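> After the structure tokens below, expect a handful of questions from me.
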Amino acid sequence: AGILGGALGGLLHAVATVSFGVDHIVSGVAINILGLGLTQFLAGLVFNTGEAKALGGGPRQSPPVEPIDTLTFPILSGGEIFGWQSPDMLGALERHHWFLVSDVAGIVRGLTTNMSQLTLVALLLIPLSFFILWRTPFGLRIRSCGEDPAAAESLGVNVYRMKYAAVIISGGLSGLAGAFLVTVASPIYQDGQTGGRGFIGLAAMIFGNWRPGGMATGSLLFGYTDAMNVRGGGQSVHALLLFVAIILVAVAVWQ
């Protein structure tokens with residue numbers, strides 16, 4: 001439902017920008033304002049009456065939402081295999097506090113313990129997006145329409161159709177991100193829950209130079225700093241500074 005709603009928003013954006021030539025920024029800001037008002041109206045209409053209200057809903061929030069299931073990979077991070085409890089190998093390695101080795105083990109353990117299925121989908125979207133954009137005819141047409149629409153049209157590509165497809169798909173992925181906030185980040189919908197994360201997504205895309213891998217790196221950086229509010233900083237700040245220093249040294253050596 002989140003993907004479908006996002007795709008409908010993308011379709012509205014495509015009609016405004018592709019068909020009527022409205023500036024993308026103007027259309028995007030207008031749709032953001034429309035989305036804010038529409039969700040407030042629908043929340044009061046749906047969550048503030050009947051069974052939803054009895055379960056804790058209201059004009060600014062929903063009743064508790066059933067969360068997406070999580071995954072724990074056996075052998076690496078413990079878990080049960082056919083009734084047998086496997087050892088937590090990564091946890092044991094992490095507790096040794098060996099420089100770098102235990103840190104890497106902790107990161108991998110975090111990625112393989114109680115990970116939401118929706119998070120796994122998001123991670124798989126990175127190589128899938130790269131493959132589609134750089135290894136398929138559809139991706140070539142999408143990129144050509146973005147780089148030089150006139151040249152693409154001269155080769156017989158339907159530029160309008162490609163732009164519509166790209167904007168609707170991006171809207172669907174934005175809707176998936178919204179569904180993540182409601183089902184994984186917190187088990188409830190609340191008014192203003194996005195907290196400007198859509199603009200952070202835009203910044204991550206520019207930071208990543210419009211490449212899936214770079215965008216994922218930018219998203220990890222923004223997500224890590226955002227998570228410091230929950231984790232309380234401290235060692236997390238030191239780890240971030242150390243990681244950035246290692247990256248800068250690696251870039252310097254590469255240059």
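> Every residue in segment 36-55 that is in a loop (DSSP other than H, G, I, E, B) and either in contact with a Cys (Cβ under 7 Å, 6 or more places away or on another chain) or without any contact (Cβ under 8 Å) to a residue 12 or more places away in the chain (or both), please. Explain how you work it out, then say what you get.
As a first pass, look at segment 36-55 and keep what is in a loop (DSSP other than H, G, I, E, B): 47-49, 55.
Selection gives Asn48, Thr49, Leu55.
> Shifting gears a bit: Those residues that are outside any helix (DSSP H, G or I) and crowded, with 16+ Cβ neighbours inside 10 Å, I need them from segment 194-210; list them, please.
Residues of segment 194-210 outside any helix (DSSP H, G or I): 194-196, 208-210.
If the condition is that a residue be outside any helix (DSSP H, G or I) and crowded, with 16+ Cβ neighbours inside 10 Å, then Thr194, Gly208 are the ones that fit.
> Could you grab the pairs with beta carbons closer than 8 Å, sequence gap of 6+ or different chains, first residue in segment 230-255 and part of a helix (DSSP H, G or I) and among the small types (Gly, Ala, Ser), second one at pLDDT 80 or above and open to solvent by 60 Å² or more (accessible area, probe 1.4 Å)?
Within 8 Å, the pairs are Ser236/Tyr224; Ala239/Asp103.
> Which residues, counting only those in segment 41-71, are among the aliphatic types (A, V, I, L, M) and open to solvent by 90 Å² or more (accessible area, probe 1.4 Å)? Before the answer, list the steps.
Just the residues of segment 41-71 that are among the aliphatic types (A, V, I, L, M), to begin with: 42-43, 45-46, 52, 54-55, 65, 68, 71.
The answer is Leu45, Leu55.
> Continuing with the same structure: Among residues belonging to segment 102-121 that are among the hydrophobic types (A, V, I, L, M, F, W, C) and in contact with a helix residue (DSSP H, G or I) (Cβ under 7 Å, 6 or more places away or on another chain), point out the one that is most open to solvent (accessible area, probe 1.4 Å). Show your work before the answer.
Step one: of segment 102-121, the residues among the hydrophobic types (A, V, I, L, M, F, W, C) are 104-105, 107-108, 111, 115, 118, 120-121.
Next, from what is left, pick out any that are in contact with a helix residue (DSSP H, G or I) (Cβ under 7 Å, 6 or more places away or on another chain): 105, 108, 118.
On the way: Ala105: 4, Val108: 54, Leu118: 30 Å².
Selected residue: Val108.
> Among the residues of segment 124-148, count how many are within 15 Å of the chain's Cα centre (by Cα) and surrounded by 13 or more Cβ atoms within 10 Å (Cβ to Cβ). Give the derivation first.
Quick first cut of segment 124-148, residues within 15 Å of the chain's Cα centre (by Cα) only: 124-129.
This time we only want the ones that are surrounded by 13 or more Cβ atoms within 10 Å (Cβ to Cβ), so: 125-126, 129.
Result for segment 124-148: 3.
> For Leu120, indicate whether it is in contact with a strand residue (DSSP E or B) (Cβ under 7 Å, 6 or more places away or on another chain) and closer than 20 Å to Pro212 by Cβ. It would help to see each step written out before you state the result.
Working: in contact with a strand residue (DSSP E or B) (Cβ under 7 Å, 6 or more places away or on another chain): yes; closer than 20 Å to Pro212 by Cβ: yes.
The answer is yes for Leu120.
> Right, another one. Of the conditions (1) surrounded by fewer than 18 Cβ atoms within 10 Å (Cβ to Cβ); (2) farther than 24 Å from Pro67 by Cα, Pro187 clears all except one; give me its number.
It fails just one condition, (2).
The values are calculated or read from the model by the stated rules, or taken from the named source; none is laboratory data. All values reported here derive from a predicted model rather than from experimental measurement. Virtual Cβ from ideal backbone geometry, glycine too; neighbours counted across all protein chains shown. Accessible surface is based on the protein model in full, side chains and every heavy atom, while ligands, DNA and RNA are left aside. Shrake-Rupley method; radii C 1.70, N 1.55, O 1.52, S 1.80 Å.
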